[in-house]
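For reference, the structure discussed in these notes is given below.
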Amino acid sequence: MKKEDFIKQKENLLVFVTKVSKTKELKESDKISLVKLTAILNEYTFENRIEIKGLLSRIIIDSLELDYSIGEKFIEFDNNIR
């Protein structure tokens, strides 16, 4: 994975989170989960991506109650890391 690709995918996910956060239909628990996931996503850098790969997915699956359509975007990002 090229650094530019990683950065673009991360930026796209952050834009997605911003858009989803602004929807009125979003449950309060989903909003809290998005804040937590965004904080974790901000820890991902191109340099440390391999070491922390899977962290987002594990947290979503093990800890958070998050709408599947939102969670799948984070899991897809995590899975695409190479």
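The values are calculated or read from the model by the stated rules, or taken from the named source; none is laboratory data. Everything numeric here is computed off the predicted structure, so don't read it as measured data. Counting neighbours? That spans all protein chains shown, and the Cβs are built from the backbone with ideal geometry, glycine included. Note: areas computed on protein heavy atoms with side chains; ligands, DNA, RNA excluded. Shrake-Rupley method; radii C 1.70, N 1.55, O 1.52, S 1.80 Å.
See the values below:
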read-out	value
Solvent-accessible area, 1.4 Å probe, carbon plus sulfur percent, for the chain	54
Residue-level accessible surface for residue 49, protein heavy atoms, 1.4 Å, Å²	30
FRET efficiency, 1/(1 + (r/R0)^6) with R0 30 Å, evaluated for residue 51 and residue 25 via beta carbons	0.25
Solvent exposure ordering (accessible area, 1.4 Å, most first) of 10, 73, 2	2, 73, 10
Accessible surface, the chain, averaged per residue in Å² (probe 1.4 Å)	65
Using alpha-carbon coordinates, inclination of helix 28-41 to the longest axis of the chain, degrees	10
Degrees between helix 68-80 axis and first principal axis of the chain (Cα, 0 to 90, nearest 10)	10
